[in-house]
1. Using the alpha carbons of the stretch 357-473, what is the convex hull volume per residue in cubic angstrom, as a whole number?
2. Rolling a 1.4 angstrom probe over the protein chains, ignoring ligands and nucleic acids, what is the accessible area of ARG414 in square angstrom, nearest 10?
3. Can you sort ILE633, ILE247, ILE182 by solvent-accessible area, 1.4 Å probe, largest first?
4. Over the residues of the stretch 233-363, compute the C-alpha Rg and express it relative to 2.2 N^0.38 Å.
5. With unit charges on the beta carbons (Lys and Arg positive, Asp and Glu negative) and the dipole taken about the Cα centre of the stretch 332-474, which residue among LEU469, ASN438, THR412 sits farthest to the positive side?
6. Roughly how much of THR230 is accessible, in Å² to the nearest 10, using a 1.4 Å probe?
7. For the stretch 350-503, with only Lys/Arg (+1) and Asp/Glu (-1) charged at the beta-carbon, what is the dipole magnitude about the Cα centre, in debye rounded to 20?
8. Using the Cα centre as the reference, give the magnitude of the dipole from point charges on the C-beta atoms of the stretch 468-551 (Lys, Arg: +1; Asp, Glu: -1; all else neutral), rounded to the nearest 20 debye.
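The values are calculated or read from the model by the stated rules, or taken from the named source; none is laboratory data. For clarity, every value in this text was computed on a predicted model and none was experimentally measured. Reconstructed Cβ throughout: ideal geometry from the backbone, glycine too, with neighbour counts over all protein chains shown. When the accessible area is computed, the model is the full protein with side chains, heavy atoms only, and any ligands, DNA or RNA have been set aside. Shrake-Rupley method; radii C 1.70, N 1.55, O 1.52, S 1.80 Å.
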Amino acid sequence: MTRSPTRVIAGFYLAVALAATYILLGSPLAIDGIGWADAPLIVLIALHYVWGIVLVFSSSGSLPFRRSFVRRLVFVPEVLGAFALLLFLFSYIFALNANMDYVQRFIAAGGNLRLALDTRVERLLVWARVFPLVALNLGVYLLVRVSRYRAVREACRPSHEPRDAIVRPWSLVLVLLSSFLITIAQPSFVSLDGIAMLGWIGFVPLFLVLRSVRFGHGVFYGIVFGVFSTLLTSYWLGTFNLVSLAITVLFFLIYYALFTPVALLAYRLVGRARPLVFPLAFLVLEYLRSIGFLGYPWALAAHTQYAVLPLIQIAALTGVWGVSFVVLLANSAIAEFIGAQIDRRRAATGTVRSRFGWLVATAGVVGAVILYGTVVIAVADVSQASGRSVRIAQIQQSNDPRKSDYEQTFATLRRLTDETMASSPDLVTWSETAFVPNIRHWTTNTSVRRFHVLVRSFLDYQRSLGTWLLTGNDDYEVELDERGAEADRTNYNSTVLFDDRGVRRATYRKIRLVPFTEHFPYRDQLPWVYDLLKEFDVYFWGQGTEMTVFEHPLVRFSTPICYEDVFPNFVRGFVLAGAELLLNVSNDYWSLAEVQAKQHFVAGLFRAVENRRPVVRTTASGLTGSIDPYGRILATIPQFQEATLISDVRIADDQPLTLYTRWGDYFPIATAGVLLVIVTGAGVGRRRRPPTAQAPDASVKAPKRAVPPPPAAAAPATPTAPPKAAVQPTPAAPPKAATIRDGSLREAAKPNAERSRRKKRVNWRAIWDE
């Protein structure tokens with residue numbers, strides 16, 4: 001059976017590639033009019049052809065069968081399998097949305113998209129076109145590891161390290177497992193509440209892989225983790241916009257492609273402080289992906305622990321970042337301890353003890369944080385007795401204002417609001433874009449009678465309530481030309497506050513817009529990207545500039561709109577401007593997913609703890625509720641139901657600024673500094689470390705030293721020539737010190753027989769074919 005396994009695998013790759021080509025081009029399931037959107041699938045099929053041909057040549061003996069080639073035999077199916085699985089999941093998520101009305105309207109209007117009119121048909125097409133490639137690589141992956149396990153172990157390990165039967169051969173499985181564990185630790189499709197315990201171990205498989213594998217493979221596994229964890233946690237983005245999910249995953253791929261090499265280099269350079277490297281590095285990544293135009297602070301490590309109230313109280317000192325660091329540190333300590341146990345055959349005993357010490361120290365840190373939080377909550381229960389109360393009526397109309405009939409939506413809002421008036425609320429709150437026609441514009445403009453009549457009806461109704469009302473609405477600015485005519489108009493996603501007499505008091509215009517789907521500031525620099533986004537039915541808003549604080553007789557509050565409340569430093573700006581209450585208005589109805597709404601709610605919950613301000617959330621549908629300044633969820637109402645909630649929000653008389661509110665995101669910035677110091681110190685230490693000779697292994701017996709003969713008897717002195725100077729043996733140079741990953745010295749003295757065995761050339765073809 002020499003060479004037959006490689007030939008069989010080559011045959012599988014070529015056969016499946018041919019079948020996929022037929023399905024794509026010539027079968028009844030063929031794509032009608034291939035476009036650039038089909039490029040990923042075409043490239044994937046082409047790669048299968050290439051790899052099948054390479055395997056054919058290798059089985060015929062045309063290619064040298066070396067260690068590097070065996071490593072590729074093991075690694076390439078992982079790359080192709082990850083690519084195929086990613087494409088399958090993408091296609092399947094979009095297939096689930098094929099029958100959504102906004103998608104079908106886009107297709108009917110000639111939009112750049114092909115999806116079947118029935119989601120069931122589209123899902124069957126995805127299974128037929130893409131899943132065979134996933135199944136092929138999964139089968140080869142398992143076949144190689146079951147039938148050629150010795151070759152896999154030998155090929156995966158670096159030449160100077162022992163075999164690893166646990167981590168390196170199964171690296172891809174462990175990384176995908178880590179992605180899945182971190183996903184379901186958050187609110188997810190498995191559990192809407194999340195599984196907090198998994199947050200403490202979810203990163204462990206990933207850290208075990210990154211600390212063990214070759215550098216290039218480690219970069220690949222880091223990217224795989226980033227891409228799949230993003231896709232699984234944010235899959236619902238496929239229902240928001242036709243480009244949101246693809247763009248989000250693409251940029252996270254770039255983030256991890258840039259970040260993972262840096263983290264791996266730092267880890268390999270540092271010695272004793274290695275358990276700190278991954279927590280510090282991953283926290284810096286969380287911070288970097290939360291700032292700037294592309295900021296998306298979703299599904300942070302801290303969000304897995306939102307229900308563990310004593311733990312999250314440190315957010316008032318460090319922001320959400322401190323909670324993330326504690327979680328990441330625990331994962332790293334566990335991974336390092338497990339890794340040291342796996343490496344016992346090559347690691348010094350001190351290394352195992354050191355990792356156990358890190359584990360104990362981390363447990364102490366976690367315990368101290370929980371103790372601090374417990375004391376804070378106990379004190380808070382006493383201090384919150386004083387203050388004033390504001391009664392807020394939260395209206396959840398349970399529809400998407402983007403596509404609902406405006407008059408019908410207004411009728412629902414009015415009916416639900418009337419139900420709350422018996423409670424005499426001080427403030428009525430409607431959701432983001434709850435009332436769609438622009439109130440400012442259509443109050444006087446009568447060009448479209450329908451909108452003018454609807455706005456006048458709204459104003460009359462609000463005045464009749466006799467209480468304050470906040471609603472989401474559009475706002476705009478007009479630029480006039482030299483003749484006084486309208487030259488340009490900028491529309492804003494806004495909230496508007498009306499007092500109890502019907503007077504418009506203030507307006508807030510949304511500042512943090514969703515990149516690529518609400519805002520793209522590089523129209524002049526990247527016009528082709530702007531045009532492409534417009535082809536996919538993207539609507540852009542203007543960007544506000546003012547951190548508005550609304551003045552109510554009982555409370556000063558600000559209204560971050562939609563996902564603005566997930567940005568810690570941004571929301572902090574409202575509190576610094578004087579906000580006593582944070583009132584988020586959102587429209588989470590569009591996702592049609594309770595998971596998205598719960599993830600959004602959880603992310604916003606940390607703003608209450610960070611700033612010690614109550615948070616109230618009113619959504620079109622999603623998760624409407626209220627949260628106290630310590631992160632306790634006081635009340636919620638069911639999602640996707642017409643409902644109301646009366647929240648009596650207590651505003652403390654004394655609201656001092658927290659350390660986080662004063663200093664902002666100092667913690668992740670300091671974290672980056674600490675990581676830089678550790679890496680720099682390790683690098684300088686290595687340069688200054690003198691070469692050290694290593695004593696021979698005690699188990700290797702030293703050759704017996706010859707006993708010099710006794711001195712001869714003294715001869716009579718005779719005049720003879722002076723004796724020649726004895727030639728002294730040249731001392732052998734000390735053996736070079738070989739280092740292992742912990743920085744400790746490897747035994748340099750080896751038996752001659754073992755040295756000769758290592759010099760022998762390994763017959764990799766024999767290992768593969770045996």
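1. Details: hull volume 21.0 nm³, N = 117.
Taking only Cα atoms, the stretch 357-473 has a hull volume of 180 Å³ per residue.
2. 90 Å²
3. Details: ILE633 75, ILE247 35, ILE182 15 Å².
I get ILE633, ILE247, ILE182, largest accessible area first.
4. On the way: Rg = 17.4 Å, N = 131, 2.2 N^0.38 = 14.0 Å.
Its radius of gyration relative to the 2.2 N^0.38 Å reference: 1.24.
5. My answer, from the dipole projection, is ASN438.
6. That residue has around 10 Å² of solvent-accessible surface.
7. Details: 16 positive and 19 negative charges, 127 e Å.
About 600 debye.
8. Numbers: 10 positive and 17 negative charges, 62 e Å.
Around 300 debye, computed over the stretch 468-551.
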